[in-house]
Every structure is written in structure tokens, then in C-alpha cells.
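Down below is the structure, laid out as C-alpha cells.
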Protein chains: 2
Amino acid sequence: MMSQIEKQAAAARSASKRLAIASAEQKNESLQAIARALRNRKSRILEQNREDLAAGEKAGLSTALMDRLKLTEQRLEAMAAGLEVLTRLPDPVGEVLEVTDGEKNLRIEKIRVPLGVVGMIFEARPNVTVDASGLTLKSGNAVILRGSSSALCSNSVLVDVIREALADTSLPPEAVQLVTDPGRETVRELITCKGWIDVVIPRGGPGLIRRVVREATVPVLETGAGNCHIYVDRTADPGMAGNIVTNAKTDRPGVCNATETLLVHRDWAEKHLSKLCKELTLQQVEIRGCSRTRRVFPRAVPATATDWETEYLERVLAVKVVDSLGEAMDHIDRYGTGHSEAIITEDDAAARRFLQGVDAAAVYHNASTRFTDGSQFGMGAEIGISTQKLHARGPMGLRELTSHKYRIHGTGQIR
Amino acid sequence: MMSQIEKQAAAARSASKRLAIASAEQKNESLQAIARALRNRKSRILEQNREDLAAGEKAGLSTALMDRLKLTEQRLEAMAAGLEVLTRLPDPVGEVLEVTDGEKNLRIEKIRVPLGVVGMIFEARPNVTVDASGLTLKSGNAVILRGSSSALCSNSVLVDVIREALADTSLPPEAVQLVTDPGRETVRELITCKGWIDVVIPRGGPGLIRRVVREATVPVLETGAGNCHIYVDRTADPGMAGNIVTNAKTDRPGVCNATETLLVHRDWAEKHLSKLCKELTLQQVEIRGCSRTRRVFPRAVPATATDWETEYLERVLAVKVVDSLGEAMDHIDRYGTGHSEAIITEDDAAARRFLQGVDAAAVYHNASTRFTDGSQFGMGAEIGISTQKLHARGPMGLRELTSHKYRIHGTGQIR
């Protein structure tokens, strides 16, 4: 007997075959239809969302979680507008990536194709339901969504609205599947559903991601953890350094591309660190400093080893004074999560060494780590930010939701 | 306390940092040095190989396994020559894949970088030790090799020779590590050594690959299984079909791109299948046929459901008569392993439908499945053939052993 997840995966797989050969027009019409339906059904969606919010309040969810769970007219409109953005992006499917003349005049074309069936496991935010459905649909994939139980009413109504909209288009409603059983066991089933699901993308806290990596037999695209650093070099312009550090820490502290640790060359620290720490404190940032930081800024909380490895995701910044660029790079190598790392310097040789030697998805010279983001990178939208090296690294947009195949045209060739 | 594998992974990781910034010249000189050393030390290598062969004979290894284990002067020369081929291939590292103007005039470069540390788990053939060392070195990666215990003397001497050669070059000998503990536990340690090893590539039978997929937390590049089909369409040229099927089955039956099942349109079967089966039989191929096959070729062994899913890797061919192209595609969808699938037809619309609709790494029109191979595809060499969709699909050469990073050049930009 097939389990519920296997049944859904089989339905998604069958739908994915129709999506794989759908034209850009068909996909864009479906995205438009979903956007319209989200606007038309907003009172029904907000009503269901209020159920989740009421249950969340009873269960004592944190203010941050409640905020992520909450839908508003404005947020719904942003979700619908996001789908419309997708219609204006080029269709990645069918792109000819390479044409090679193989042995014996075989013509070998490398063609971009969808992945097939994508499994998304995510926490809290119901907007992921719509974003992931839109991105996978535009890239020709079917999707199986497994959100958290705290958002079940919201996710259910959103998927109902999406599928009702698809039913009036040329694409199959089965392309979007929601796992409604809130048990932990369904996660395990989903990530071991090999042969039916082609990739799993977990989006959430480190606990979720670790579990998925440990238990999955389906290939995983890891997302997320961002213990990002800025290194202020000896020759850094003080004004630029102040702007960038303040922006990278305070613009939106709760996201993965926010900076968590500041490394400062001792010469720069002596002249400018005290002023920078003061400015940050005025922006309600708590400074956790090494002993040399506290020498120039005594109000800093003493940093412990834990601070170097913590992704705070709040208005807290670890600060360490280093003797050299090399020491900064070693620190990043040891504590970084391979997300976004920046150097601020007027010394081009130092910048080159940092950009070449630091192993991360995005390495910056004289810019804020906050730019690591699909829309800032010109991808239009993203399904997550990969911090691993296989398949996709950094922001993942439509192209990162594709694979390729080789199409070989012969005239009877044999080996 | 660090385990032996962790120590080796740490040493490999440290070496990988030097390899990542090595020039093409440095890498090519090292490959030349290894090739020279293999030639100079051939008697020492063959002597150690004889130890493995003697132990294998005692242990009652099959003739096929003994053949794969055996090194000869000729095979050693082929391994050395393979390294020299690599020196003539372009260095993939540092290639600028894309330059984008991001928001606020940020210049975003997408740069090809090595993966870091590659774990190889493989069975029997000691040539993999040299091939994998050469490919990973040229692509700027360190490698940890875990061969089978039956080849331990051969692999040990080969790695000694490689490391001795590297010691006289500018690249670190620690770039190539061999796991010498033959216990099963070392495989588990290797594939869960997350944070130290960036990717694991298993090469071997389905048992090994399944185990690696199930237990690994390090990302896996699956290789290998090839249950490949040829579909002979209604309009196929009989001569071409005969040539291609015979070649795909008999040229080298033991490799993954050999064809295992022949699907034949009923109209073609009626006119030509009997003759084709006779020809194959003359080539010592055993035919396992469906009932309609046996009607035109009564000597065929009756095929069971198992035959459709078996990768024989010998001179056996399953044959099934189908009513339509659609039925053939459904059969491939159900039993294929996503490796190589071919259609033989004079009907371009049928070919287009097959090439678009069949989901496999390589899809062929009027050519033998035997061409799915790195050197046939113009890659120069391959580390395996991926049958999954993430990261790499089909033959994996130097570029498939790389990742990328985004290098962002700013002038003080903040969000």
C-alpha cells in the first residue's frame, strides 16, 4: 500500500511530466491566474490565517514567530505581485547550454530541463507556500510542500486557492501538493522518497536542516546559516567602514546575510574602533568584544568562544581585533558558514587576496553583506540561499531549480 | 581526539587551500611528475599488485574481478598517458562564468572555484586511484581515496608513488590521501565527515551506492547504474537499427552505457525482429523476449518482470514488442535508471517527442548508447557518470568537479 506521501509524490511526478513540456506562455498564464485568485480570495485566506494566529497565541508562540506567521492584505498583495514578477523572467527550460561536436560527427546538445519534483520543508512563513509554488511552476517543476503545523490553516487555504486557479488553466493542479499531516514522520517519509522526489530544500532553523541532511536519501540543497563577517583592513576608509558595518548589522538583523562578527586590523582599531562601537551602540547594537576591543571600548560585553560561532540574528555584534589579514582569513575559515564575507580596504592587493582566499558563496570588497539575495543579484526571485558547494551556491533562482540533459543527434553512429 | 579519517580530512583540507590557488602550470607540472614516477616505478607497482592478485586468488575472486584488479605495463602506461591528457585540457578554475551589474552598480562576478575536498569510494580497479588523483588535482581539489581491501597493496603503492612525485613539485603531497583501514566503519566515517569533505563520489555496485546514499551527510554525487534502452520505431531503417543494437549490446557488455533492453514497435517487429534476433544470437547474445517477441523468434528465453529491471552487464538482451512510441516511453519511465536512452527512427516528429519526453542524462536519436562517456563527449576524461539531476548529470569531467562563488566589487554600497 502506498502511503499518503507516496501517493502525493506519484501525482506530483505525473504532473511534472506535463509541466516539463509546458510553454512559457502556459506557465505565465497560470502564474497570472494564481495571482488573480490570491487577490479575489483574500478574505477567505485572511480568515484561515486568523485561525493559525489564534492557535499560535494560545500556544505561546514568540512575537517574532507570530509576526512571520501573520498575513495581511499588504503581504498577500506582495505575494501576488511576486508571481507577476516571475512572469516577466525568461523561461529557463529548453535553453541550449552548449553544442559540442562529439566523436564521429555526433551533435551533442546540452539542454536545460526541470529537476522534476521538488520537496520544500519550511517553518512558519506562509508566503513560502506561494513563492515556492511560483518558482517551481515557472521552472517546470512540481512541488510538494511541507510547512509547519502552526501555519497549517494558512498553507492549506493558500494551496487550495492555487490549485483552484490551476484547474482553470492548461496546467495540472496536482503540480502543487501540500502535506497536511503535521507529524514528524511525514518529514522522514518525504526526504526518503527516492525515485519520486528529485531534490529536497529545507528552509528553517539549524535543527531542521541538520535533521534533513542526516536522514535524507533524496539529494538535499542546504540553505541558510549565515555567520557572516566583515573584516576592516588597515587601510579601510573610516566613513565607508562605518556605513557598511552599520548597514550590514542593523538594516535587517534577523536575516541570514546580516553580519554577525566584525574583525578589525589592530592599526585601524587603534584609531577608529572606539568611534564605530559608539555609533553602533547608538543604533541599539550590543557589542561583544575581545580583550583588545574592550581596551578601546570598555563598555563592550566580554566575548567568549561561543560568540565567534553564533549567528545572533539580532542587534548583537561580536568584535575582534586581529594582527593581520591572514589572521582575519583564518578566523573566517574556522567560524564562517560559507555564506557572505566582506573586506573593507583601500588596498587592492589585500582585497584580491581576500576575495580569492576566502571560501564562501559571496565575497565582497567594499560593500555590505546584505546584498546576497536573489533580487539584488538580478535573479528576480529566490527559493533560498545555498551555503553548500554542489549544484548551487549563493542565491537560488529559477535556473538553480533546473538540471540538464544531453540530446544527441546521430545518423547511425556506433562505437 | 581526532580519528584517523578526520586527521586525513584535515590534512586534505589544508592542502586544498594551496591547490585552489595553484596556477595551471603548477598543476600540469605535478601531473607530468606523477606520470613520470608511474613509469619509473613500474616494477615496484607491479610487484605490489601481484600481492593483491595472489590474495585475490586465495580468496576466490571471480575472473572478472581479478581482471579489473590486475595491472600490467600496458595498463600503467595508459594511466600515465591519461595524466598527460589532463595537462592538455584547459584549467577550469578561475573561469569567469558571468558578470552581472547588480543593484547600485555592484559588479558581481560568478567565478569557477574547486569543490575543496573530494571523497572517492570505489571498488577493485586500482586505475581509479590514479585517474581520480589526476582529475581532482587538475580541478584544484584534494582527494581522499577509499578503495576496496582487495586492492589495498596496489592502491597503497600508487598513492606512495603519487605523493613522492608531488613532494618534488610545488604542490603538497597531502592533496592525495588514502584510507588504508579496510574496515567498513571507515566508509561511514568518510561519508559523515561533514565540514571537512565537500562531496563524496561512490563508484561501484548498487549495494555500495545505496549504502552511501543512505548513510551520508556529506553531499553525494551518485554514479553509475545504467539500465539503458533502445527503442526501434515503426519507421527505423533496418540496417541502421541492426548496427546500433548490436554495437550497443556487444561492443562492451560490462559497462554502464551498454544497452540492456530493446523495445520494438509491433510493425517493425513483424518485418525485421526475427532477423535482428538471429544476428544477435550469432554474436553470442542471449535473447529474453516477451510473448510477441517469441512469436517471431521462438528460441528466445521467456522474459519475466525481473528482466525489465535488470542491468545484465553481460551478453543478454531483454526484448519487448510495444504498440506505440508512448508505450515505449512509459516502459523507459518505469524501468530506466536515467542513464542513456535511444530511439531509432526516420520520423523526425517521433524523435523530437522521444528526446523531449524521456528523462535521462543522455537521449539519442539514431546513435548507440555507448557514446555516453567523458572522452566521447569531448571532456577528455571523466570521474564517473552521474545518473542524478543535481549538480552534474551524465559524464563528469573537470568542470563537474568545480563549484562557483560570487565575487562582488563595491565602492561602499549599502542596502
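The values are calculated or read from the model by the stated rules, or taken from the named source; none is laboratory data. As the structure is a prediction and not an experimental result, all values here were calculated from the model. When we count neighbours, we look across all protein chains shown, and the Cβ atoms used for this are built from the backbone with ideal geometry, even at glycine. Side chains included, ligands, DNA and RNA excluded: accessible areas come from the protein's heavy atoms. Shrake-Rupley method; radii C 1.70, N 1.55, O 1.52, S 1.80 Å.
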Put B:Val255, B:Val118 in order of accessible area, largest first, probe 1.4 Å, and you get B:Val255, B:Val118
What size of dipole, in debye to the nearest 20, comes out for the protein assembly as shown about its Cα centre when the only charges are +1 on Lys and Arg C-beta atoms and -1 on Asp and Glu C-beta atoms? 580 debye
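Dipole size in debye (nearest 20) for the range B:36-161 around its Cα centre, Lys and Arg Cβ +1, Asp and Glu Cβ -1?
Taking the Cα centre of the range B:36-161 as origin, the dipole is about 260 debye.
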In whole percent, the fraction of accessible protein surface over chain A that belongs to carbon or sulfur atoms, probe radius 1.4 Å, stands at 47 percent
Can you list, shortest first in nanometers, how far A:Arg75 lies from the same residue in the other copies, with each label 7 Å from Cα toward Cβ? 6.3
With respect to the cross-link table entries A:Lys110/B:Lys405; B:Lys138/B:Lys389; A:Lys70/B:Lys104, which display a Cα-Cα separation exceeding 29 Å? A:Lys70/B:Lys104
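What are the trypsin sites (Lys or Arg not before Pro) within the range A:1-33 that DSSP puts in a loop, where the Cβ has at most 14 other Cβ atoms within 10 Å?
Of the trypsin sites (Lys or Arg not before Pro), not one in the loops of the range A:1-33 has a Cβ with at most 14 other Cβ atoms within 10 Å.
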Rounded to the nearest 5, what % of DSSP beta bridges with both residues in the protein assembly as shown are antiparallel? 30 percent
So how strong a dipole does the range B:228-371 carry about its Cα centre when Lys and Arg Cβ are +1 and Asp and Glu Cβ are -1, to the nearest 20 debye? 520 debye
Per its Cα gyration tensor (rounded if a/c is under 1.5, else prolate when a/b beats b/c, else oblate), the protein assembly as shown is best filed as oblate
Accessible surface of A:Glu400 in the full protein assembly, 1.4 angstrom probe, to the nearest 10 Å²? 20 Å²
So what are the ³J(HN,Hα) numbers for the range B:378-384, from phi and the Karplus equation (6.51, -1.76, 1.60; θ = phi - 60°), rounded to whole Hz, Gly and Pro as x? x, 8, x, 6, 9, 9, x
Roughly how many Å² of A:Arg163 are accessible to a 1.4 Å probe, to the nearest 10? 70 Å²
Rel. contact order, % - alpha carbon contacts under 8 angstrom, at least six apart, chain A: 18 percent
Compute the semi-axes of the equivalent ellipsoid of the range A:228-371, taking the square root of 5 times each eigenvalue of the Cα gyration tensor, and list them largest first in whole Å. 19, 17, 14
Using +1 at the C-beta of Lys and Arg and -1 at the C-beta of Asp and Glu, which of B:Cys256, B:Met240, B:Leu208 has the Cα lying farthest in the positive direction of the dipole of the range B:194-349? B:Leu208
A from B by rotation - nearest chain B beta carbon to the axis, in Å: B:His391, 2
What nm distances, shortest first, do you get from the label point of A:Gly357 to those in the other copies when the point sits 7 angstrom along Cα to Cβ? 5.7
Go through A:Met66, A:Ser30, A:Gln48 and say which Cα lies farthest out towards the positive end of the charge dipole of the range A:26-78; charges sit on Cβ, +1 for Lys and Arg, -1 for Asp and Glu. A:Ser30
Give the nm distances, rounded to one decimal, from B:Asp251 to the matching residue in every other copy, measuring between label points 7 Å along Cα toward the beta carbon; shortest first. 5.4
If you average the alpha carbon positions of the range B:336-354 and of the range B:32-109, how far apart do those two centres end up, in angstrom? 34 Å
Enter the accessible area of B:His331 (Å², nearest 10), with the probe set to 1.4 Å and all protein chains included. 10 Å²
Suppose only helical runs count, i.e. DSSP H with n ≥ 4. What mean residue ellipticity at 222 nm does that imply for chain A under -39500 (n - 2.57) per run, divided by all residues and rounded to the nearest 500 deg cm²/dmol? -13000 deg cm²/dmol
Ignoring ligands, DNA and RNA and using a 1.4 Å probe, state the total buried accessible area between B and A in Å², rounded to the nearest 100. 6000 Å²
Across peptide A:206-216, what mean number of C-beta atoms from other chains lies inside 10 Å of a residue's C-beta? 2
Non-local residues with an amide H under 5 Å from the amide H of B:Tyr364, with H modelled 1.01 Å from N and Pro and chain starts lacking one, are A:Ile408, B:Glu341, B:Ala342, B:Ile343
Rounded to the nearest 5, the percent of DSSP beta bridges in chain A running antiparallel is 30 percent
